[in-house]
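A.B. asks: Below you will find the structure I want to go over with you.
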Amino acid sequence: MKNAASTLTAVIVLLGASATAAHAQSDPGARYVRLALALDVATDGGYVFAYLGPAEDREEAEAAGLSIDQIADETRTLIADIDGIEASGVEADRLAALRLQLTAMLARIDVLQGEPMRFDEEALRIFGVRPPRYSATEADSALQAMDRLLPGEGPLAVRAAEFQSRLSILRISVILTSRFAPS
């Protein structure tokens, strides 16, 4: 089932994939593409944002019909294989980036399988970021500043929503005006 979390978690653009079956088995990048497509199939389109590689790779992932558990096992195997590769320069950078993608894939699988995870942990494991922490005093100060700055009467949340809706209309107006303005 798709939900906001599955749509946002893995914004992956896969730009190329294996040209041959042998390449797919030996190249860690091609193996990653195969696993990402397999996870996309297993989640009914909930993992890959856009795939621009060969159609036969997606068809192969659909035909394989791997379970999420099988994908997790193969992902762990690929991480171990990457850890065993000695590389330098650009290749070392590529493998490090690939390892981060695979680690994020495992975290996404954990979420799909219902493993409890705090928001901070999920953000770090999937996106590699730590959300900032603010004290209650800092939050109150920000809300007071917004209260002073937002025009109108009534609750802050209502005024903020009204202000934002005016900005949306303004954005549409600017887009239309700039797109259809005489040259």
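The values are calculated or read from the model by the stated rules, or taken from the named source; none is laboratory data. Treat the numbers as computed from the prediction; the structure is a model and nothing was measured. Neighbour counts are summed over all protein chains in view; Cβ atoms, including those assigned to glycine, are modelled from backbone coordinates with ideal geometry.
A.B. asks: Could you tell me whether any residue of the stretch 88-104 is of a type outside the set (Asp, Glu), over 17 Å from Leu39 (Cβ atoms) and part of a loop (DSSP other than H, G, I, E, B)?
C.D. replies: yes
A.B. asks: Give the residues of the stretch 14-52 that are in a helix (DSSP H, G or I) and modelled with pLDDT under 90, sorted by residue number. Spell out the reasoning first.
C.D. replies: Within the stretch 14-52, the subset in a helix (DSSP H, G or I) is 21-26, 28-42.
Selection gives Ala21, Ala22, His23, Ala24, Gln25, Ser26.
A.B. asks: Kindly indicate which of Ala107, Ala145 is assigned to a helix (DSSP H, G or I), surrounded by 16 or more Cβ atoms within 10 Å (Cβ to Cβ) and free of Cβ contacts under 8 Å to residues at least 24 places away in the same chain.
C.D. replies: Ala107
A.B. asks: Checking Ala55 against (1) of a type in the set (Gly, Ala, Ser); (2) closer than 22 Å to Arg125 by Cβ; (3) more than 20 Å from the chain's Cα centre (by Cα): exactly one of these is not met. Which one?
C.D. replies: The one condition Ala55 does not meet is (2).
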